[in-house]
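Let me begin by presenting the structure, written as structure tokens, before commenting on it.
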């Protein structure tokens, strides 16, 4: 579907719904996309890194050009341009609000391919960073920096978000400037297939948060949460985040998500390469030509897609489904997230078996588990069981799903090996965050400084 309608008529609700359906594809065409963020820090001082300067974030981007990446610029109100990203072969490297360095990978066929892509990116990025005296940190929350110590990146949408966030939640600025995640993006075959995958992955997102919990420190001290990143999302903006109770209702489909998205407040409208502040305004009003930020104008499909990209539920629907519940981590866990969700969602028997484990949960169970997983990790309980026990069962299902996929890598092994790091966590019941806490209270003598070496890529 093109960004504008061929007859120039205004967008209708049916157009918005149909735009989701463009993602439907045959199972033979299913792919997976992996995204991960990482903190950039001065190797010598552990300080956050600004955009400008000989050894800043901009220099890091420019240094990657030697590997065949192409620059992406954004217009500035003064008529200039700012380097904000790089692209190569369907993948991109971009900047999150606090300078977090993100790889958004190309749609690929297997976890083997995902791991190759991640490995190549980290090799290139580390080579450039070393020459600038920079390193990368694989934690879900910045362990020492205050908000004030993190410089905002010069992207137009981030200035709008920075102003709006404190109006709707206490921790939105922390989300922007001090968190890092890893995501997996997966396809669906039909509206019914989307609905089945959405409800299962949304129900199990707190389990992913627990397995990947990797952010126990804020400003140099333990927070009482194993995932401070997941905690942040519970107090960012309730109108655009959360567990979306309507997903679990009978008959859920594209129209239900579109209706929710229409009522989620906007951030911006982009015109002529510049961002116009529409924060808190209504896309429904925009559809009627009544948007205060742009009186008389009506949206295009690109405006709709831009708006969808500013919504942050634990699972997000666009022309694919985004799994958003995990802290970032070391390379093996970056690969493991894609393996986890592909094993559960790309094999019908696995999807059905996993849903049998959580079909009885009520919406209040989902909401409570989301909060408990951030605090307690695998010790959280649901339906009379610990998340540890659930994790063991779910990972066994994911392993069978990957075995059924039978996608072999160069060494003629299937994708099941990529689950090993998660299986170890599940069997032990000890999250990555708790291992950091043991070190903090032990040999690190209540200092987080050693984590900059221990958790460096």
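Derivation of every value follows stated rules applied to the coordinates shown; laboratory data play no part. If you're wondering where the values come from, they're calculated on a predicted model, not measured in any experiment. Please note: Cβ atoms are built from the backbone with ideal geometry, for glycine as well, and neighbour counts cover all protein chains shown.
What does the highest-first list of 117-123, 199-205 look like by mean Cβ count within 10 Å? All intermediate terms of the calculation are to be shown ahead of the outcome.
Values: 117-123: 17.0, 199-205: 24.1.
Ranked by mean Cβ neighbours within 10 Å, highest first: 199-205, 117-123.
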Which order do the peptides 328-337, 409-418, 103-112, 154-163 take when ranked by the mean count of other beta-carbon atoms within 10 Å per residue, highest first? 328-337, 103-112, 154-163, 409-418
Using 0.36 nm per residue of separation minus the Cα-Cα distance, give me the extension gain between residue 454 and residue 82 in nm, one decimal. 130.5 nm
Relative contact order in percent for segment 13-454 (Cα pairs under 8 Å, 6+ apart) equals 20 percent
Obtain the nm distance between the two label points defined at residue 75 and residue 371 by a simple spin-label model: each point lies 7 Å from its Cα along the Cα-to-C-beta direction. 4.5 nm
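Find how much the distance from residue 123 to residue 270 grows on full extension, using 0.36 nm per residue of separation minus their present alpha carbon separation; answer in nm with one decimal. If you can, show how the numbers build up before the last one.
Working: separation 147, 0.36 × 147 = 52.92 nm, distance 3.47 nm.
Contour length minus Cα-Cα distance gives 49.4 nm.
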If R₀ is 60 angstrom, what is the calculated FRET efficiency for the pair residue 148 and residue 18, using the beta carbon separation as r and rounding to 0.05? 0.85
How are the C-alpha pair distances of segment 356-447 spread across 10 Å bins, as whole percents from the shortest bin up? 14, 34, 30, 17, 4
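Can you give the calculated 222 nm mean residue ellipticity of the chain, where each DSSP H run of n ≥ 4 adds -39,500 (n - 2.57) and the sum is split over every residue, rounded to the nearest 500 deg cm²/dmol? Write down the numbers at each step before the final one.
On the way: 17 runs with 186 residues, N = 457.
My calculation for the chain gives -12500 deg cm²/dmol from helical runs alone.
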Quickly work out the residue 407-to-residue 221 label distance, labels modelled 7 Å from Cα along the C-beta direction, and quote it in nm with one decimal. 4.5 nm
Two pseudo-spin positions, 7 Å from Cα along C-beta at residue 441 and at residue 65, lie apart in nanometres by 5.1 nm
